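The structure appears below as structure tokens.
The values are calculated or read from the model by the stated rules, or taken from the named source; none is laboratory data. As the structure is a computational prediction, the values presented were derived from the model and not from experiment. With ideal geometry, Cβ positions are generated from the backbone for all residues, glycine too; neighbour counts draw on all protein chains shown. Quick note on the areas: whole protein, heavy atoms, side chains included, nothing else; ligands and nucleic acids left out. Shrake-Rupley method; radii C 1.70, N 1.55, O 1.52, S 1.80 Å.
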Amino acid sequence: MSMPALFKGRLSIPVIGSPLFIISVPDLVIAQCKAGVVGSFPALNARPAALLDEWLARITEELAAYDKALSISPDLEIAWLGRGNVFFCIGRYEEALAAYDRALLTGSDLENAWLGRGNVFENLRRYGEAVAAYDRALSINADLAEAWFGCGNVFQNLNRQDDAFVSYDKA
């Protein structure tokens, strides 16, 4: 898989971190999001339940770092991507879309921004738009396993099992 020049030296590989029971906590999710990884944790990990609000608030506060970077350099693609990933992690999908769109406005065709858009649309069950976004990411990098996996998930949700298997095989 080829790495866009924007990410060289900043990101090892584009990935989605799996939510792990007990292990996934805000520190891990924040570190993942800052690294361009879509991080998550099961809500059940926040015990007692009231702790979940504290965790979400803490992650949301991390957006301030991206806001600061963007106040200095408004066209900083990596900050818009990171901001989109943090919004995605906390379920603020429309804001995530806006951040990914802003990253794309810089003039670069960023596979990870298209991947992020696909992930958002998949979560919103806007499956046609999800497939279109994943396809755009794949047109930039045909080896982007996360986009193939996302397509597989969408096709599975649409009961298009044959298409899902093809996508999963390419992931």
Would you point out the residue of the stretch 43-64, among those that are within 30 Å of ASP109 (Cβ to Cβ) and in contact (Cβ under 8 Å) with a residue 24 or more places away in the chain, that is surrounded by the fewest Cβ atoms within 10 Å (Cβ to Cβ)?
-> THR60
Where in the stretch 57-171 are there helices (runs of 4 or more DSSP H), lying fully within it, with 3 or more residues that are over 23 Å from GLN32 (Cβ atoms) and small (Gly, Ala, Ser)?
-> 127-140
Residue in the stretch 147-154 that is more than 18 Å from the chain's Cα centre (by Cα) and open to solvent by 40 Å² or more (accessible area, probe 1.4 Å) present = no
Of all the residues that make up the stretch 135-171, how many are over 19 Å from SER18 (Cβ atoms) and aromatic (Phe, Trp, Tyr)?
-> 2
Quick one: is PRO19 modelled with pLDDT of 80 or more and either part of a helix (DSSP H, G or I) or open to solvent by 40 Å² or more (accessible area, probe 1.4 Å) (or both)?
-> no
Residue check, LEU144 hydrophobic (A, V, I, L, M, F, W, C), out of contact with any helix residue (DSSP H, G or I) (no Cβ under 7 Å at 6 or more places or on another chain) and at pLDDT 90 or above | no
Can we say SER73 is of a type in the set (Ser, Thr, Tyr) and in contact (Cβ under 8 Å) with a residue 40 or more places away in the chain?
-> no
